[in-house]
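J.: Before we start, here is the structure in question, set down as structure tokens.
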Amino acid sequence: MEYVQPPAGTLTTSLAALAVGVQPATVRDWVRRGILTRCGGSPRRPVFRVEDVQAARSAAKPTRPGQRAVKVA
């Protein structure tokens, strides 16, 4: 079930990505890497707290061998 509107103070994966200007795959990667945690929903339709999404955006990201460097302007 897709939320028409998620519970107050939470965002779906798509809305979280839109809020911080990244792709939904990036939000899912943050979850997989432990940078962002779900606060509810279901395994297929997780929801995230707005504050957690904003914190994940500015969190230090661990690097992986062979990962391309991101140039900051």
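Derivation of every value follows stated rules applied to the coordinates shown; laboratory data play no part. Here the structure is a predicted model, which means the values were calculated and not measured. In this analysis, Cβ positions are derived from the backbone assuming ideal geometry, glycine residues included, and neighbour counts consider all displayed protein chains.
J.: Would you check which residues across region 1-45 are under 18 Å from residue 59 (Cβ atoms) and assigned to a strand (DSSP E or B) and list them?
T.: The answer is 11, and nothing else.
J.: Look through region 20-65, keep the residues that are acidic (Asp, Glu) and under 21 Å from residue 5 (Cβ atoms), and return whichever of them is surrounded by the fewest Cβ atoms within 10 Å (Cβ to Cβ).
T.: Ranking the candidates gives 51 first.
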